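What follows is a short report on a single structure.
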Amino acid sequence: MQLIGRRSKIVVSTDGKGLISQAGGLLLMETLRVTGLGTSLSQALERWRPPRAVHDPGKIVADLAMTLALGGDCLADIAVLRSSPELFGPVASDPTVSRLVTTLAAAGPTALRAIRAARAAARARAWALAGERAPGADGTLIPVDLDATIVIAHSDKQQAAPTWKRTYGFHPMTAFIDHGQDGTGEAAALLLRAGNAGSNTADDHITAGRLALNQIPAHLHKQVLIRTDSGGGTRAFLTWVSSRRLKYSIGFNLTDDICAAIGALPTDVWEVAYDADRQPRAGAWVAELTGMLDLSSWPKGMRVIVRKERPHPGAQLRFTDIDGHRFTCFVTGTRPGGGRGQLADLELRHRRRARCEDRIRCAKDTGLRNLPLHRSAQNQIWCELVALACELTAWMQMLAIDGHPARRWEPKRLRLRVFSAAGRLVQGGRRLRLRLSHRWKWAGLIATAITRLQTLPAP
């Protein structure tokens with residue numbers, strides 16, 4: 001057995017040349033180029049560029065987004081990019097970055113609209129380049145999942161307040177565009193709210209839904225499917241969704257009328273539910289309650305569907321659990337179809353909304369876990385940077401990685417295996433070459449993905 005203590009002593013020096021860390025960040029740089037996001041940000045934020053300024057505000061915002069995608073969690077972490085100017089170009093100093101964030105925060109909604117417009121333009125370009133791999137390709141639905149989450153604050157900040165989970169911080173509303181089971185998702189909207197904001201506030205759901213729709217090309221709005229938990233099951237929000245003629249699948253609370261209708265359902269109307277692989281699931285059933293309820297004050301065409309299942313072993317029963325079964329409801333505007341199995345398909349489609357929890361977790365791993373600034377306007381700018389970072393990562397995976405498990409990798413795994421790879425920049429033959437270690441297991445994946453992006457034309 002060879003002991004660690006017998007290995008040769010490693011002498012450290014700081015005279016290496018041509019070496020760079022975060023070499024996988026070139027993937028994000030190429031994604032910026034092919035989607036035109038860098039150019040769009042520069043044009044949108046030109047009005048906030050001071051006279052005789054050296055650094056472009058759009059470049060600074062793009063650098064901050066890349067910093068978060070690479071694992072940073074504060075403005076000062078942009079120093080990671082500053083250490084490799086050959087790869088990331090000139091990077092602004094910390095004071096310049098801080099001044100820009102303060103300036104954009106002071107501009108308020110005007111700056112936010114400019115950044116969001118640049119994001120929408122880049123998204124349209126990314127989806128066009130992705131072709132059949134893009135959301136909504138071939139007429140498929142584009143799920144937009146809305147959900148609120150809690151962000152803990154460890155110091156007194158504007159809008160920080162006690163939350164319903166007896167913590168202290170913020171309660172932002174999020175909207176994510178789901179890429180399906182074979183991909184990840186894009187952060188369409190991150191709406192900062194006070195910690196004591198409600199979970200079923202219709203105005204916030206409408207605002208987040210509107211922001212998300214503005215991020216999707218207008219000709220695809222008819223394919224959008226709005227999904228929320230029961231927090232979105234309010235009359236005002238459902239009325240707004242229906243008025244936009246959007247498809248929806250929204251959780252619904254169990255009222256006394258619904259419980260009475262469930263008890264009156266004949267045994268033979270229950271259909272077997274599906275599992276995640278669309279196979280019949282033992283111990284779970286679905287049925288429709290629409291004809292047994294008075295829905296005259298709700299949007300026209302709204303259907304109420306209920307799921308019955310046996311609770312998992314060890315699960316604590318609730319008051320709404322009848323005869324040892326757990327019941328949950330959701331509403332949808334999808335018209336009835338022929339044959340049995342449609343209810344199970346609709347319920348499975350609604351249950352896949354749970355992927356939103358994965359998207360929120362990824363956003364928290366990309367800067368949303370802690371809002372580092374004091375003023376709420378500054379932290380809303382920070383949320384836009386988080387959304388940009390999430391989108392850059394998702395677009396990179398959609399455009400550069402196909403047919404590989406890395407298409408579904410979350411930020412932590414991407415950073416460990418792809419972004420953090422070290423390399424050497426070599427100048428020769430009028431070309432700059434990035435050389436990765438042949439021992440790095442994922443070097444081939446990185447090289448192939450970069451090559452794919454480099455073959456795509458810039459706008």
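Principal-axis analysis of the Cα atoms of the chain puts helix 376-400 at an angle of about 90° to the longest axis. Might you report the magnitude of the Cβ-based charge dipole of segment 134-285 about its Cα centre, with Lys and Arg at +1 and Asp and Glu at -1, to the nearest 20 debye? Taking the Cα centre of segment 134-285 as origin, the dipole is about 500 debye.
Extension gain for the segment residue 181 to residue 83, taken as residue separation times 0.36 nm less the Cα-Cα distance, is 31.6 nm to one decimal.
Taking Cα atoms, how many degrees apart are the long axis of helix 26-35 and the longest axis of the chain, rounded to 10 and kept between 0 and 90? Compared with the principal axis, the helix lies near 70 degrees. Projecting label points 7 angstrom from Cα along Cα→Cβ for residue 309 and residue 138 puts them 2.8 nm apart.
In the chain, the longest principal axis of the Cα atoms and the axis of helix 443-454 are about 90 degrees apart.
For the pair segment 355-410 / segment 71-129, the C-alpha centres are spaced 14 Å from each other.
Helical runs assigned H by DSSP (4 residues or longer) give the chain a calculated mean residue ellipticity at 222 nm of -11000 deg cm²/dmol, each run adding -39500 (n - 2.57) before division by the residue total. Positive contributions from Lys and Arg (+1) and negative ones from Asp and Glu (-1), summed over other residues with Cβ under 14 Å from the Cβ of residue 108, come out at +3. Fully extending the segment from residue 422 to residue 47 would add 131.3 nm, taking 0.36 nm per residue of separation and subtracting the current Cα-Cα distance.
Among the trypsin sites (Lys or Arg not before Pro) within segment 265-300, which fall in a DSSP loop and have no more than 14 other Cβ atoms within 10 Å of their own Cβ? Passing sites in segment 265-300 are 278, 300. Applying 1/(1 + (r/R0)^6) with R0 = 56 Å to the Cβ-Cβ distance of residue 11 and residue 161 gives a FRET efficiency near 0.55.
Rounded to the nearest 20, the size of the Cβ-charge dipole of the chain about its Cα centre is 1620 debye, with Lys and Arg at +1 and Asp and Glu at -1. Report the gain in length on full extension from residue 431 to residue 154: 0.36 nm times residue separation, minus Cα-Cα distance, nm rounded to one decimal. Separation in residues times 0.36 nm, less the Cα-Cα distance, equals 94.9 nm. Label-to-label distance, residue 374 versus residue 245, with points set 7 angstrom from Cα along the beta-carbon direction: 5.1 nm. Rounded to the nearest 0.05, the FRET efficiency derived from the C-beta distance between residue 295 and residue 345 at R0 = 30 Å is 0.85. Amide H contacts of residue 225: 142, 144, each under 5 Å away and 5 or more positions distant or on a separate chain (H built 1.01 Å from N in the peptide plane; Pro and chain starts excluded).
Every number here is computed from the coordinates shown, using simple stated rules; none is lab data. In this text the structure is predicted, and so the values were computed from the model without any measurement. Here Cβ is always computed from backbone atoms with ideal geometry, including for glycine, and neighbour counts include all displayed protein chains.
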